[in-house]
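One structure is given below, encoded as structure tokens.
The values are calculated or read from the model by the stated rules, or taken from the named source; none is laboratory data. This one's a predicted model, so the numbers in the text were calculated from it and none came from an experiment. So basically every Cβ, Gly included, is an ideal-geometry build from the backbone, and we count neighbours across all protein chains shown. Note: accessible area is taken over every heavy atom of the protein model, side chains too, but ligands, DNA and RNA are not part of it. Shrake-Rupley method; radii C 1.70, N 1.55, O 1.52, S 1.80 Å.
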Amino acid sequence: MGCFFFDINRIQMKPTYYFFDFDSTFTQVEAMEELAEISLAGNPELDIVLEKIKQLTDLAMDGKMPFGKSLKARIALLSAKKYHIQMLVKRLRLRVSKSFSQNKQFFKNNKGNIYIVSGGFKEFIVPIVKSYHIDADHVFANTFTYDKKGNIIGADEGNYLSQEQGKVKFMKSLNLDGKKVFVGDGFTDLEVYEHGLANQFFAYTENVYRDNIVRKAPATAASLDEILYSHKQAMSVSFPKSRIKVVLWGEETFVAETNFRKESYRIIKLPATSSITEFNSAMEDAQLLVFGKHVNTNWITDKSTKLMALATWDHDKLLIKNEYFSSRGLPLYTAPMAHMRSLTELALLHMLTLTKRLKQDLFGKTLGIIGNDYSTQLLAITAANIGMNVLVFSSSERPILAHVKYVNSIPELTKKSHIICIFSGHGLAEPIGKSVLKNMLSQTILLYFGSDQAIDLDYVKHMLQQRLLAGFGMDASDKSAVSAFKNLPAFISINESTASKETQINIADTLSKKLIDFVNSGNTVGAINFPELSLPPLKSYHRLIHIHENKPGVLSKINALFAKHAINVGGQYLQTKGSIGYVITDISKTYQESIIRELKSMPETIKIRVLY
């Protein structure tokens, strides 16, 4: 039997070559459309021409028109000159796809193995990709032809890339021994894979989503990070944003979709009426959950192992499992300020409705407000401006407000007020009932804006029946409150405090920003159940996020591990709340993975995450 000996030093793995389309892949835009905007500036038919060029581009990219025919038609519409190209280059430098511009190190690390293959033109592609360590001889694209006056009149028809199946013909001409990865958004890119000329193809969707291409593609990528992650290449972020899954549960939450889409997150929209089976299926591998007012939060269990944070449309803390979430390392965000203006307007509506029913005016009457939030201040100022006397009881800070008097106790307020308005942020330890309301003036109007469970509605009903109250107004969550006060001097609205379009947008913007900040930096400001930390932007370090049981000595253990592994610490931040401790440590980028395993193995550890 013969023996074979190999020199292990001479065995090399075959390289991986990356081929990128340019328009709508490397850049956010179609360069021909940008060139038209430049060359036709001031032309009254600019919008019409742009729409025609866009249609021709889409037809070619969707495989519904031969590429060569589309290219000729687009050039004919341009009326562009040679000097316009430099103007285009300046514009395109600012239009490089976000995930490409954030991953320049990848292009440097793989210099020589990256190619641009485009139906666009070298004249504007080469200057853009040069700063990404891609040389001109690795750019394969068309070239313009000009007349004697420098007008662009066509493309070099001898170039493969101006012809039908141009990219296919070009790839056939290559003699590269290695794995070929092709990335692009259009039909001409997909063709390369379908002809067996690429080992892997990604339909690229960061800038444009072509449904018929995505359906046929073996893989999609909403960012370059997604591709680098799958290839175990160094990325600009610790986890591709396009792999972060957000579940929006309850129809009101769907308005937040746009904000998460901008971050390239994956979105699942789940109606409030969905079954528990549908909920569990949607939550599989979900990192973020935003839920509305009318869902069963008991369904949120330990089965959602990848969940990082939650946000709720319901700003009322009494209805939410705060401690359950915090004990599992899940910060919960609300948007308590987002509906304050709408709530103030609603309070005015209730006051006006009830006083007009009694044929009374607001002017000259005393309004007593119990609350700690912005609505308290806004209503106080508004009421004072329409001639009311305003008393405020606040257990927190007391900003100076013109024509507004602060009182030191609730009895002092109730004895002097014709109308009493109680907001959810009142700071009272017990439900509002006899002990709070017993000292009111006879025929007082009571307004309440908070949780249905935080007020003794039976006692309020009794006071109305005994004519101890002249009227009662409430924004209820449960429709049964309307029938409960039927034939009584009451004005009950249902969830109107958050019903306006502006309020819904405010809530969506607030919650999505808080969740995105947590994902990107670890910020927990605004989490109602978690230690709050406002953190500086992450720059030249990796950030270790350690969520743990709040017990003595945990920080010492963490720092002992850093010392053991000789890890350089650039900054450290600690905050605790109740049973939860939250430590953020920015460390040098070079460290052994074993430190993560050791931190996870600490008995006090709840969760650990690495950001960069």
In region 530-568, which residues have a backbone nitrogen under 17 Å from the label point lying 7 Å from ARG597's Cα in the Cα-to-Cβ direction? 561-562, 564-566
Burial order of peptide ranges 538-549, 219-230, 557-568 (average beta-carbon count within 10 Å, highest first): 219-230, 538-549, 557-568
Can you give me the accessible area per residue for region 137-278, using a 1.4 Å probe, in Å²? 46
Pairs of alpha-carbon atoms within less than 8 angstrom and 6+ residues apart define the contacts here; what relative contact order does the chain have, in percent? 9
Nearest 10 degrees is fine. How inclined is helix 554-564 to the longest principal axis of the chain, computing both from alpha carbons? 20
Placed amide H near ILE267: partners under 5 Å, 5+ positions off or other chain: VAL246
Measure off 7 Å from each Cα along the Cα-to-Cβ vector at LYS64 and GLN575, then give the distance between these two points in nanometres to one decimal. 5.1
Report, to two decimal places, the Cα Rg of region 390-450 normalised by 2.2 N^0.38 Å (N = number of residues). 1.09
With the 1.4 Å probe rolled over protein heavy atoms, region 423-508 has an accessible area per residue in Å² of 48
In what sequence, highest mean first, do 277-284, 120-127, 265-272 appear when ranked by Cβ atoms within 10 angstrom? 120-127, 265-272, 277-284
For ARG74, ARG261, give me the order by solvent-accessible area with a 1.4 Å probe, most accessible first, ignoring ligands, DNA and RNA. ARG261, ARG74
Here are some values of semi-axes √(5λ) of the Cα gyration tensor in Å: [x] 73, 19, 16; [y] 53, 46, 33; [z] 59, 33, 21. Which one was computed from this structure? [z]
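Which FRET efficiency value, to the nearest 0.05, is calculated for LYS148 and GLU251 with the Förster distance at 45 angstrom and r the Cβ-Cβ distance?
0.10
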Going by average Cβ density within 10 Å per residue, which order do the peptides 135-141, 112-118 take, highest to lowest? 112-118, 135-141
Accessible surface, region 17-57, averaged per residue in Å² (probe 1.4 Å): 38
If one computes the Cα centroid of region 476-497 and of region 390-413, what distance in Å separates the two points? 28
Sites GLN86 and ASP137, calculated FRET efficiency, Cβ-Cβ separation with R0 25 Å, nearest 0.05: 0.70
Please report, as a whole percent, how much of the solvent-accessible surface of the chain comes from carbon and sulfur atoms (probe radius 1.4 Å). 51
With label points set 7 Å from each Cα along the Cα-to-Cβ direction at ASN43 and ALA402, the distance between them in nm comes to 5.7
Just need the relative contact order of region 109-240 here, percent rounded to a whole number, with Cα pairs under 8 Å and 6+ apart. 13
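Which order do TRP299, TRP313 take by accessible area at a 1.4 Å probe, largest first? Walk me through the intermediate numbers first.
Numbers: TRP299 60, TRP313 10 Å².
The ranking, largest first, comes out as TRP299, TRP313.
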Determine ³J(HN,Hα), in whole Hz, for all residues of region 518-526 in sequence, where each value follows from phi through the Karplus function 6.51 cos²θ - 1.76 cosθ + 1.60 and θ = phi - 60°; x replaces Gly and Pro. 5, 5, 7, 10, x, 4, 10, 4, x
Tell me, how many Å apart are the Cα centres for region 340-372 and for region 200-241? 55
Could you report the accessible area of ARG93 in Å², rounded to 10, computed with a 1.4 Å probe on the protein chains as they sit in the structure? 130
Beyond 21 Å between alpha-carbons counts as too far, so tell me which of LYS262/LYS513; LYS216/LYS262; LYS232/LYS589; LYS108/LYS216; LYS69/LYS149 fall in that bin. LYS216/LYS262; LYS108/LYS216; LYS69/LYS149
From the phi of every residue in region 223-232, what ³J(HN,Hα) in whole Hz does the Karplus formula 6.51 cos²θ - 1.76 cosθ + 1.60 yield, where θ is phi - 60° and glycine or proline is x? 6, 5, 4, 4, 5, 5, 4, 5, 9, 6
Lysine pairs in region 263-359 with alpha-carbon atoms under 25 Å apart, 8 or more places apart or on different chains: how many are there? 13
Spatial separation of Cα centroids for region 530-560 and region 82-150, in angstrom: 43
SASA check, SER483, accessible area w/ 1.4 Å probe, all protein chains in place, rounded to nearest 10 Å², comes out at 80
Residue by residue, what Karplus-based ³J(HN,Hα) values in Hz, rounded to whole numbers, does region 540-551 have, using 6.51, -1.76 and 1.60 with θ = phi - 60° and x for Gly and Pro? 9, 10, 9, 10, 9, 9, 10, 9, 8, 5, 7, 10
Label point distance in nm, SER480-SER556, each placed 7 Å from Cα along Cα→Cβ: 5.4
